Amino acid sequence: MQKLTEKAAENQQRPLNTFWRGLLIVFSAIAIAFAVNDVFNLRLFNVTIMENSYFYILIALLVSLVFILYPLKKGLHTGILFLVDVVLFCATIGICLYFAWHGLDIVYKGWAAAAPKHVQILSLILLILVMEALRRSSGLVIAVVVLILSMYPLFASVMPGPLEGLSFPLFRVATFHALGDDSLLGIPMQVLGRLVLGFILFGVALQITGGGKFFLDLATALFAHFRGGPAKVSVFASALFGSMSGSVPANVVTTGSFTIPIMKQSGFQGKYAGAIEACASTGGVLMPPIMGATAFIMASFMGVTYLSVVKAAIIPSLLYYFGLFIHVDAYAAVNGLKGLPKNELPSLVKVMKEGWFYALALVLLIVLLFYRLEARAAYFTAVLIFVLTNFNKDSRLSVKKMLQFFEQSGRLLAGLTTIFVAVGMIIGSMSLTGAGHSLSREIVALAGGNLALLLMLGAIASFILGMGMTITACYIFLAVVLAPALVQSGLNQMAVHLFVLYCAVLSYITPPVAIAAFSAQPMAGAPAMSIATTASKLSTINYLLPFLFVLHPSLILNGPISGTILNLIPCVLGILCVNASLHGYLLGIGTTRLGNRGMTLAMRAGYFVGGFLMALQVGYTLYAGLVITVLTLLMHVSQRRRRALSLP
């Protein structure tokens, strides 16, 4: 879902007439039917479908739609070029269905290694079609990156040093990618077909039935009356909606269209309003219980249950949003911003009365995840939503809503399937050449056994790749190349994979790309770079978070609860102090009368250094941070008293 939404403005979808819109709905419905048949093992019509055949059918139904949804060139929707798109559409369907029909031959006759000549040609054509579909749906940059990495086996043997690997001829590479189990049909596609597709349907069901409005109203009823209330609504609503949607830009546009204007009306500067929404929406992808599609791939990579990933992400995501809440509160306190009058807010009782079934669906989802029914949980929950919405006349199902459900699902799945299929080729390329393992060894050697340097290299690589690739593609590449090196250095496997994911996600608010900031710019009415810079400031402590749970696995609930508490308390105190230094306001110390005049530059520096060292907790940094913080706190209290006495 991520890049399809992100690139919507750049790659405008073609307006569809009745025929093509109907075909989109039909293809989407058939793809969902095949997914349900596979996940629930229904064996409809008493037919057992080969695993690879099932994936080829999904590609035929969904990737082919990209050629209809996205024109060859922006703005060119009709004429001879549309006929070209139709040809590409039909070619994708034809080749994939041919492979699906021969699924048994591919496995038992070893076509991935030694295919007939016509199959080799069809494999190469399929790769070209996938690359073109990726270019249309995700942009030229992503397509070029994936193309270079996927064609790496062609020139791996002539690459220098650690980049050297085994080389293979073009048709051998093509058949490996198109027919093997480690590339197009590898982990990403397997995760999509068995897990992600259902959660996409769940997210669309929420949107179609009004779930987004419920979460926004719930956040408004809970937080809008506090100081800086509209911003706190943005944080809470984006956390909820972002976890469901799995898309940063979609989250910004959906919740930000409401929260950013209200934040500006209540006194927040445009750049702050946009930055708060960008940060809140970015964190939603990291927020359990759903997180983003990448979390499912992460679980498959490590061979663990999805619940294990959700469990590990709980405390890091709570720390992320805690820091953001403290920022908002401090900004509101310093600038004297109040909340909205209670009589203008929706009643919490009324909100729950009208949307209780959304809360129930979320509870059911968590329960099913707890019982390790990840593959089926989203389908059960989506059905529950469709059934229970009929108890409310405003959200009752209709034929129009169901058609919208299939249409929106098809649009999202077309782009997402293309991404997953394409980035699967990155894994295949590393697997075929063996370059992934050699790069891991060289990274460890480059760091010279220095864990801090190794982590910094990993963070920098994640930030850079996250700026130019989707989160999924960035994670997959680094999970193959970097994660083994970090694990080899003695770090916790789950913490390492979360580290890579967090760093890649934070690139969404990091200049110069900062996709979330650019998404917020039209509503904030401020320069995108100004929003991105402010968002980076708001997320100062969040850039440290990935290092914290790598260094202290107890923060991802690995180990006894006592260890988690002992590591968590300094983190919370550190977040409070670092945020205090940025705004000149410490929660509980400072008044509206004094504003940020109650803290000197030296105190800000003391709080920043003390908070940073406390949160880091490496060696004696915890004790050093505590000493610095206490001394700064005593200075702060003393100066506050003196200034208070000097005021009339």
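Using the rule -39500 (n - 2.57) for each DSSP H run of four or more residues, divided by the residues of the chain, the 222 nm mean residue ellipticity is -23500 deg cm²/dmol.
Shown is the FRET efficiency for LEU373 and VAL304, computed with R0 = 25 Å from the Cβ-Cβ distance and rounded to the nearest 0.05: 0.95. Across all directions, the average projected area of the convex hull around the alpha carbons of the chain is 30.7 nm².
Stretch LYS73-ALA452 to full length: gain in nm at 0.36 nm per residue minus the Cα-Cα span?
Result: 131.8 nm gained on full extension.
Taking every Cα-Cα distance in region 301-363 and sorting them into 5 Å bins starting at zero, the pair-distance distribution P(r) comes out as 4, 12, 10, 11, 16, 19, 14, 7, 4, 2, 0 percent.
Just to confirm my numbers, what's the Cα centroid distance between region 36-57 and region 65-120 in Å? Taking the Cα centre of region 65-120 as reference, the centre of region 36-57 is 21 Å away. Binning the C-alpha pair distances of region 150-270 at 10 Å intervals from 0 yields a P(r) profile of 12, 26, 18, 15, 16, 12, 1 %, listed from the shortest bin outward. Note: relative contact order over the chain, using C-alpha pairs below 8 Å and six or more positions apart, is 17 percent.
Specify the inter-centroid distance of region 292-329 and region 219-264, based on alpha-carbon positions, in whole Å. Centre-to-centre (Cα) distance: 19 Å. With a sphere of radius 13 Å drawn around the Cβ of ASN52, what net charge do the other residues whose Cβ falls strictly inside it have (Lys, Arg +1; Asp, Glu -1)? Neighbourhood net charge equals -4.
Applying a threshold of 31 Å to the alpha-carbon distances of LYS213/LYS400; LYS109/LYS311; LYS350/LYS401; LYS353/LYS401; LYS271/LYS353 flags LYS109/LYS311; LYS271/LYS353 as lying beyond it.
Using the eigenvalues of the Cα gyration tensor, what equivalent ellipsoid semi-axes result for region 294-421 when each is taken as the square root of five times the eigenvalue, whole Å, largest first? All intermediate terms of the calculation are to be shown ahead of the outcome.
Numbers: eigenvalues 189, 138, 55 Å².
Each semi-axis is √(5λ); the values are 31, 26, 17 Å.
Averaging Cα coordinates gives a centre for region 408-433 and one for region 366-406; these two points are 26 Å apart.
Exposed loop sites here are trypsin sites (Lys or Arg not before Pro) assigned a DSSP state other than H, G, I, E or B and surrounded by at most 15 other beta carbons within 10 Å; excluding them, the longest clear run of the chain is 110-337.
Annotation: lysines with alpha-carbon distance below 18 angstrom to LYS264 (same-chain offsets under eight excluded): LYS232, LYS338. Take every pair of alpha-carbon atoms less than 8 Å apart whose residues are at least six positions apart; their mean separation over the length of region 269-421 yields a relative contact order of 17 percent.
Straight-line reach from LYS342: which aspartates and glutamates have a Cα under 14 Å away, not including same-chain ones fewer than 8 places off? Within reach: ASP217. In the chain, excluding the sites themselves, the longest stretch lacking any of the chymotrypsin sites (Phe, Trp or Tyr not before Pro) that are in a DSSP loop with at most 16 other Cβ atoms within 10 Å is 372-619. Seen from a random direction on average, the alpha-carbon convex hull of region 71-158 projects onto 7.3 square nanometres. Only Lys, Arg, Asp and Glu carry charge here, each on its Cβ (+1 for the first two, -1 for the last two); on that basis the chain has a dipole of about 1800 debye about its Cα centre.
Annotation for LYS109 and LEU364: the two label points, set 7 Å from Cα along the Cα-Cβ direction, are 4.6 nm apart.
Any read-out appearing in this document is the output of simple, stated calculations on the displayed coordinates, not a laboratory observation. Remember, it's a predicted structure, so these values are computed and weren't measured experimentally. Note that we place each Cβ from the backbone using ideal geometry, even for glycine, and neighbour counts take in every protein chain shown.
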